[in-house]
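The values are calculated or read from the model by the stated rules, or taken from the named source; none is laboratory data. Everything quoted here is computed from the prediction, not taken from an experiment. Cβ atoms come from the backbone with ideal geometry, glycine included; neighbour counts cover every protein chain shown.
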Amino acid sequence: MCLKINNIFKILILLSVMLFPVLNANAKNSYIEALREIVKVAPLGEEEVIKDYEEDVKPDVEFSMNNVKFLKLTLKDSLIIALNSNYDIRIAKMDPTIKEKDIKIAKSEFDPLLSVTGESEDSEVASNSGVLVGVGGSATDFRRDTNTLNATLETLIATGATVTMEFDVSQEFVDPVSAFTLNNPVAESEVTAKFTQPILKNAGIFYNRSDIHIARNDKKRSILELKETAIEVINSTQKAYWELVKSIEELRVRRKSLERAEDLLKKNKIQVKVGTLAPIELLVAEEGVTGQMEGVVVAENDIKDREDDLKQIMNLSNNALLSDVSIVPLDRASFKDHNISLQESIGTALKNRPEVFEQGLDIENARIKVMQKKNQLLPKLDFEAGIRYQGLAGNKGNAIDRALSQDFQSEFYGIMFEVPLGNREARSNYSKAKLEERQTIFNTRKIRQEIVVEVRKAVRQIKTNAERIKASRKAKELSQERLVAEEKKFKVGRSTSLEVIRAQVDLAVSEGRATNALVDYQISLGDLDAVLGTILENNNIIIDDKGI
């Protein structure tokens, strides 16, 4: 018995060896790797997982600088670093590759499937057959040794038809042998070719390839989602960059105000010393200096916060070399009045925003699913036809030869009809698919409406910031004139230190507002580019099937 089982295993191993050269290189590597995993008894330890992760996430942007204290960056530099290193971009970049695998999985439905089964059975049972022991004999042991091997090759074609090739061979030995038995042992072989074609349910090229169409649309959608993520990252980067510029300008204004307050304190000390100014004015000036110093400290802390925001987007916050360096933005905000048409902007956004194209793909997939479920409403009607060759002999070799000689041939045809009474599952799935399609259409309209509102807000914000720039510049000029006037009045004793300090504070506020308005204008221009979906093209960034 063990010998027969070993023979079956040898046949199975031989088939595996014969199939192995047919596999491509990737399939062989996957096959070998899967075999190696069989001997493992536990998952990877925590240290191994961390090690594999650290090796896999090495930064795309590397710096080789020693004793760096300042990192000078233009806005373009920041965008390039963010696109290469940002984790959201890295994650989104993997989606098209993952969806490409889904396409291959959908196509794998048409891959041939080889199934091989071997079985060996030794049985000894009590027999009461008169054919075996004779009339009047006593019950005796009846022994049967059976070896079978079945190999089936099956494949699905685009019409929904299944083509099957089947090979069966078996050998049986019995003891005792009946007087009517011609061969002992006896071997049988059978070769069958069968074709089964659905006519209604599960029929048609479109239905059987519909999952491939959905998978391809999902890949297109993942590329659009990558584009959407890139737009968000670029816009977040430019916002963080300009916010850093704003905080640096705020510090400059605060330090300039501190210099004015210190200069006033210095002058007051001289005047108090010579007796031309009351001592109370000295206290007022000192209070003004203290207030301005507080503003400088707050502004310095704000710069560090804005640097951290920018470093996080560029994925530099965990970089041992760059985590503590100070970023020096080289670009400065400028003002150029733009004449922006709202209607043209809305049209541009609806033509360029990736969300619009994503919804188009969602609608297409929803309609494909409706057609899939509609097909399942039909009854099952399959046509089957095939041919079979058989062979019988005293050993396996001769039995196979006789089957292949086509001396014993059979043809068969058949029709199988099946209809579920009520068919509630199929009808419910079809209704559900139609509702989901309608839901997708409503969602598309909602997104288009949201885009229009976003464009309106972005255009309005640009116009608002442009007016802010003009107004803040005028306010700054007036504050400067007021400070000059107060200083002149103070020199001749017609004003007080408190009034001068108030004028200094007002000027600092006006300067800060002017700077903020200018930087906010730059941010709003970037926001409009993001809302229009043109921020990638404006920064010469191209996204195709291969990513960024």
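Listed conditions (1) modelled with pLDDT of 90 or more; (2) on the phi < 0 side of the Ramachandran plot; (3) under 41 Å from the mean Cα position of the chain (by Cα); (4) not acidic (Asp, Glu) are all met by residue 533, apart from (2).
Against the definition (more than 18 Å from residue 122 (Cα to Cα), surrounded by fewer than 16 Cβ atoms within 10 Å (Cβ to Cβ), of a type in the set (Gly, Ala, Ser) and at pLDDT below 90), how does residue 179 come out, yes or no? Spelling it out, residue 179 is indeed more than 18 Å from residue 122 (Cα to Cα), surrounded by fewer than 16 Cβ atoms within 10 Å (Cβ to Cβ), of a type in the set (Gly, Ala, Ser) and at pLDDT below 90. No other residue among 222, 257 is out of contact with any Gly (no Cβ under 9 Å at 6 or more places or on another chain) and in the same structural domain as residue 359 (by TED's automatic domain parsing) apart from 222.
Of the residues that sit in the stretch 373-391 and are surrounded by fewer than 16 Cβ atoms within 10 Å (Cβ to Cβ) and of a type in the set (A, V, I, L, M), which one is nearest to the chain's Cα centre (by Cα)? Out of the qualifying residues, it is 377. Within the stretch 149-177, the set of residues being small (Gly, Ala, Ser) and either in a loop (DSSP other than H, G, I, E, B) or at positive phi (or both) comprises 158, 160, 161. Here is the figure for the stretch 492-548: residues that are among the charged types (D, E, K, R), assigned by TED's automatic domain parsing to the domain that holds residue 463 and not in a helix (DSSP H, G or I) total 1. Residues that are of a type in the set (D, E, K, R) and over 30 Å from residue 366 (Cα atoms) were ranked within the stretch 397-444; the one that is surrounded by the most Cβ atoms within 10 Å (Cβ to Cβ) is 402.
Checked against the criterion of being closer than 30 Å to residue 91 by Cα and surrounded by 20 or more Cβ atoms within 10 Å (Cβ to Cβ), the stretch 244-267 contains one or more residues that satisfy it.
Could you check the stretch 272-304 and list, in sequence order, the residues that are buried (at least 16 other Cβ atoms within 10 Å of the Cβ) and of a type in the set (S, T, N, Q)? 292 - this is the single residue of the stretch 272-304 that is buried (at least 16 other Cβ atoms within 10 Å of the Cβ) and of a type in the set (S, T, N, Q). Contact map, the stretch 304-319: first residue in the same structural domain as residue 235 (by TED's automatic domain parsing) and polar (S, T, N, Q), second residue crowded, with 22+ Cβ neighbours inside 10 Å and assigned to a loop (DSSP other than H, G, I, E, B), Cβ cut-off under 6 Å, separation 6 or more or different chains; pairs are 315/86.
For (1) within 37 Å of the chain's Cα centre (by Cα); (2) under 30 Å from residue 522 (Cβ atoms); (3) without any contact (Cβ under 8 Å) to a residue 40 or more places away in the chain, each residue gets a yes or a no:
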residue	(1), (2), (3)
175	no, no, yes
187	no, no, no
202	yes, no, no
228	yes, yes, no
231	yes, yes, no
239	yes, yes, no
266	no, no, yes
271	no, no, yes
276	no, no, yes
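Restricting 410, 428 to those that are more than 27 Å from residue 210 (Cα to Cα) and either over 33 Å from the mean Cα position of the chain (by Cα) or not in a loop (DSSP other than H, G, I, E, B) (or both) reduces the list to 410. Sort out which residues of the stretch 192-229 are closer than 20 Å to residue 541 by Cα and not charged (D, E, K, R), and write them in order of number. Correct list: 222, 223, 224, 226, 229. Can you tell me how many residues within the stretch 94-123 are surrounded by fewer than 18 Cβ atoms within 10 Å (Cβ to Cβ), among the basic types (Lys, Arg) and either over 30 Å from residue 150 (Cβ atoms) or in contact with a helix residue (DSSP H, G or I) (Cβ under 8 Å, 6 or more places away or on another chain) (or both)? Of the residues in the stretch 94-123, 2 are surrounded by fewer than 18 Cβ atoms within 10 Å (Cβ to Cβ), among the basic types (Lys, Arg) and either over 30 Å from residue 150 (Cβ atoms) or in contact with a helix residue (DSSP H, G or I) (Cβ under 8 Å, 6 or more places away or on another chain) (or both). Each residue in the stretch 482-515 was checked for being farther than 15 Å from residue 260 by Cβ and under 58 Å from the mean Cα position of the chain (by Cα), and 3 pass.
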